[in-house]
Structure formats: C-alpha cells, structure tokens
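Here's the structure we're looking at; comments come further down.
The values are calculated or read from the model by the stated rules, or taken from the named source; none is laboratory data. In this text the structure is predicted, and so the values were computed from the model without any measurement. Neighbour counts run over all protein chains shown; Cβ positions are idealised from the backbone, glycine included. Quick note on the areas: whole protein, heavy atoms, side chains included, nothing else; ligands and nucleic acids left out. Shrake-Rupley method; radii C 1.70, N 1.55, O 1.52, S 1.80 Å.
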Amino acid sequence: MKRIIPVILLLLTLTGCYNSGEPRERILKIYNWADYIGEGVLEDFQAYYKEQTGENIRIVYQTFDINEIMLTKIEKGHEDFDVVCPSEYIIERMLKKHLLLPIDTNFAHSPNYMNNVAPFIREQINKLSQTGEQASRYAVCYMWGTAGILYNRAYVPDSVALSWDCLWNKEYAGKILMKDSYRDAYGTAVIYAHAKELKDGTVTVEELMNDYSPRAMKLAEKYLKALKPNIAGWEADFGKEMMTKNKAWLNMTWSGDAIWAIEEANEVGVDLDYEVPEEGSNIWYDGWVIPKYARNPEAASYFINFMCRPDIALRNMDFCGYVSSIATPEILEEKIDTTLHYYADLSYFFGPGADSIQIDKIQYPDRKVVERCAMIRDFGDQTKEVLDIWSRIKGDNLGVGITILIFVVVALMSGWMIYKRCQRYSRQKQQKRRSRRKKVRRN
C-alpha cells in the first residue's frame with residue numbers, strides 16, 4: 001500500500017488538461033456535477049469576464065458524480081481546481097480541514113449578485129461554520145432541494161405516500177427503489193423509527209438525523225435491515241426511468257429527480273407525484289467554493305458572482321430541474337404559475353409578500369414542509385461506522401476500506417481517461433502545426 005499511494009497521488013494530478021505554456025491566470029478550472037449547468041452559460045461567463053476585466057478566460061470544465069471523489073482529488077491529490085460544487089456536508093468537512101479560500105465579493109464594474117441569495121439559505125449555510133470561519137464567506141449555495149417519496153398514483157394512494165411507513169409496507173415489496181445514498185438512508189431510518197416522538201414534539205428531525213451515537217446507529221441499522229426485503233434496487237440515477245415505465249411504484253429520491261420523472265411520465269400517460277413525508281426529511285444544499293489549491297481565485301469569484309445573476313439562475317434551474325438559492329422578484333415572477341389549484345407560503349424564501357402564491361410545491365416547498373425538515377451534517381469521525389452499516393445493509397460485504405478504495409479506483413479511471421484525451425489533444429495540435437507548416441511551404 002505504501003508503494004501504491006504515491007502512484008495514486010501522481011495519477012490523481014493528471015486529471016487536468018490545459019496547455020502548460022498558457023498563463024494560469026487566463027484559465028478557470030471548474031469541477032461540477034454532471035448535467036448541472038445551463039446550455040451556453042459557460043460561454044456567456046467568458047463574455048461577462050471579458051467585459052469586467054478586459055481579459056480573456058479559457059474554461060477547463062470537468063464533472064464528478066461522487067462527493068468523496070471530488071474531495072479526494074483536492075485533499076490528497078492537491079488538484080488545482082479553481083471552483084467546485086460540493087454538497088453541504090463536504091463543505092463542512094472542507095472547512096474543518098481548512099481546504100477553502102474566502103470568496104471575494106468586490107468587483108470593479110459588477111454588482112455583487114451574491115446578495116441575491118435568500119437570507120434563509122444563507123442562514124442554513126452558516127450552520128456549517130467553524131471557529132473563525134463563517135461558512136457564507138467560503139461557500140455560496142447554488143441549488144437546494146428535499147428528499148422525499150416519488151410515487152405512482154395508480155398504485156399508491158396520496159395519503160399513503162405522506163408517511164415513510166410506505167417504504168416498510170410489505171404490500172409494495174419489490175416495487176420500491178431507494179437512492180444509493182448512505183446519508184439519506186440513515187436519516188430516513190432514524191426519522192421513521194421515532195415517528196411517535198416526532199408527532200409528540202419530544203424530539204426534532206434535526207436532532208435525529210445528526211445523532212450518531214451507538215444507540216442511534218444500532219437503531220438505524222435495525223430499521224434498514226427490516227426495509228431491505230422490500231427494496232427492488234438501490235439506484236443512483238436509474239430510478240427516474242423505472243418510475244416512468246411503471247417498473248417501480250415508490251422511489252425514495254430527491255426533488256429535482258422527481259420533477260424530471262413527473263414531466264417525462266406525463267408524456268407517456270403515467271401519473272406520478274412527489275411528497276415530503278409528514279414525519280420530516282432532509283433538505284440538502286450544493287454550493288460553490290474555492291479550494292485551497294486554486295490558482296485563479298479571482299476568476300473563480302467572478303464566476304460564482306455571475307452564477308448568482310437572476311437571469312443565469314433561471315437558465316440553470318430550467319436546465320437541471322433543481323431550485324436556485326437566488327430569491328429575487330424576477331425569479332418569483334417567472335416561477336408563479338396561475339394554473340395551479342393550490343397556494344403555498346414561500347415568505348421564508350422570497351419575503352413577506354410571498355405568503356400565499358401559486359408555485360410548484362416540489363421545487364419550492366411550503367413553509368410547513370420546510371419546518372419539518374433539516375440538513376444532515378457531516379458524520380465526521382463516525383463516517384466509517386455509518387459506511388460499515390450501509391455495506392452490511394446492502395449485503396456487499398464491503399468494509400469502509402474497500403469502499404474508499406472503490407472511490408479511489410473510480411477517480412484513477414477518470415483521471416486516466418482524461419490523461420489519454422490530453423495526449424490525443426496534444427497529438428492533434430502537433431498534427432495541425434505540421435499541416436500548417438506544409439501549407440506554408442506549398443504556398
């Protein structure tokens with residue numbers, strides 16, 4: 001293992017692809033989730049940056065699908081990404097490990113669009129703060145949403161989908177999908193295990209989901225083991241399609257995925273809906289940060305600011321289906337839908353004038369829904385124990401060491417593929433140069 005680790009770290013550094021002779025301050029390296037930014041937004045940022053600074057900027061854009069892989073590349077590989085988009089618990093972990101740089105909010109010719117972030121969202125992000133490091137100075141929320149139940153109304157009554165009990169109901173065995181997410185599974189199990197206490201008001205969702213005591217972990221494992229026989233599959237992305245094709249009737253999923261599935265299902269005559277169970281659930285947040293090893297933090301700050309512009313926020317929302325943290329009158333006006341038959345209280349997000357508006361309840365949950373939800377924090381030193389529970393539940397017999405190894409292997413494969421693309425790109429440039437020289441000689 002001692003011989004392998006240096007090789008791993010070396011290969012992890014091969015994930016970037018840009019001309020080493022090009023000034024690094026003319027390059028912005030972005031690391032984001034796949035399918036998480038609107039079409040043409042990157043090109044429009046380049047024009048915005050040119051207007052603001054008078055300089056051209058080239059973007060190196062890469063994607064990831066696992067938070068831990070992203071973190072490993074930065075923490076262990078010292079990858080020089082300028083801006084990345086981790087989830088809230090990774091932001092908290094990066095703050096604990098001093099892996100983030102503060103975001104600059106002073107721009108020569110541009111307003112500070114980061115002020116458009118809803119105060120409610122900023123307050124939630126600041127819960128991640130560490131001693132001497134206020135989280136909102138280091139992270140700006142990009143998208144947010146809930147975890148809940150996507151269900152087929154032809155087989156599951158609305159009233160049944162309002163409780164996590166539906167996942168443990170043997171009537172639906174073999175027709176249930178669960179997100180392959182140890183954090184959401186843990187939170188769901190502990191909430192369901194304390195349904196009575198939650199109803200009586202003797203405990204809160206936030207307390208339960210962030211209780212990693214031996215007793216809590218034992219209870220979560222017990223309930224997840226009881227749930228397992230009902231599960232048709234643990235899915236990372238295929239759940240949406242399975243639901244639209246009537247292959248599954250219940251899916252513990254995220255609000256953005258639910259919106260996509262509902263829209264697709266409508267086109268083929270399948271009636272899907274989404275609910276956040278009455279017991280409570282998880283609210284998650286993804287945010288832009290500047291890693292410690294960034295080499296162009298100035299351009300990164302400009303990029304984060306640009307992403308908070310209302311028109312850009314709308315384009316990104318429309319593309320990916322999730323909800324932006326931006327809460328301006330332009331966003332509210334665009335999102336009001338007078339064809340809806342219900343009203344929601346969004347005053348917590350848009351302000352006092354939005355206490356009764358017609359707006360999509362999945363994208364923008366009502367105040368009452370938000371009040372019964374909470375953020376799952378970083379598991380910290382208990383991450384290993386929770387991962388071990390998850391491995392035992394799924395029956396893959398993998399300990400946390402193997403799980404981490406899988407993360408690393410996937411990262412290496414990704415790095416190697418990008419490295420090979422870099423080689424091809426370099427060869428193509430050399431061939432073009434030779435071709436140009438031949439043309440000059442012929443002329």
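Pick out, in residue order, every one of the trypsin sites (Lys or Arg not before Pro) in the range 294-395 that is DSSP loop and has at most 15 other C-beta atoms within 10 Å; say none if there are none. Walk me through the numbers before you get to the answer.
On the way: sites: ARG295, ARG315, LYS335, LYS361, ARG367, LYS368, ARG372, ARG377, LYS384, ARG392, LYS394; in loops: ARG295, LYS361, ARG372, ARG377.
Answer in residue order: ARG295.
Counting heavy atoms of the protein chains only and a 1.4 Å probe, report the per residue accessible area for the range 30-92 as a whole number of Å². Let's see the in-between values first.
Values: 2200 Å² over 63 residues.
Averaged over the residues of the range 30-92, the accessible area is 35 Å².
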Accessible surface of the range 295-385, 1.4 Å probe, proportion on carbon and sulfur as whole %: 47
Å³ per residue enclosed by the Cα convex hull of the range 91-200: 181
Virtual spin-label span in nm between ALA34 and PHE238, 7 Å along Cα→Cβ: 1.4
Separation of the ILE336 and ASN56 label points, Cα + 7 Å toward Cβ, nm: 4.5
Relative contact order, percent, the range 63-160 [alpha-carbon distance under 8 Å, six or more residues apart]: 23
The range 147-240, relative contact order [Cα under 8 Å, separation at least 6], %: 43
HIS98 accessible area, assembled protein chains, probe 1.4 Å, Å²: 110
Packing-based order for 24-36, 243-255, using average beta carbon neighbours within 10 Å, highest first: 243-255, 24-36
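Which loop trypsin sites (Lys or Arg not before Pro) in the range 127-220, with loop taken from DSSP, have no more than 16 other Cβ atoms within 10 angstrom of their Cβ?
Passing both the DSSP loop test and the Cβ count: ARG153.
Rounded to the nearest percent, how much of the accessible area of the range 156-294 (1.4 Å probe, protein heavy atoms only) is carbon and sulfur?
Numbers: 2970 of 5810 Å².
Heavy-atom surface of the range 156-294 belonging to carbon and sulfur, 1.4 Å probe: 51 percent.
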Carbon and sulfur %, accessible surface of the range 55-102 computed with the full protein complex present, 1.4 Å: 49
Cα-centre dipole for the range 247-347 with unit charges at Cβ (Lys and Arg positive, Asp and Glu negative), debye to 20: 720
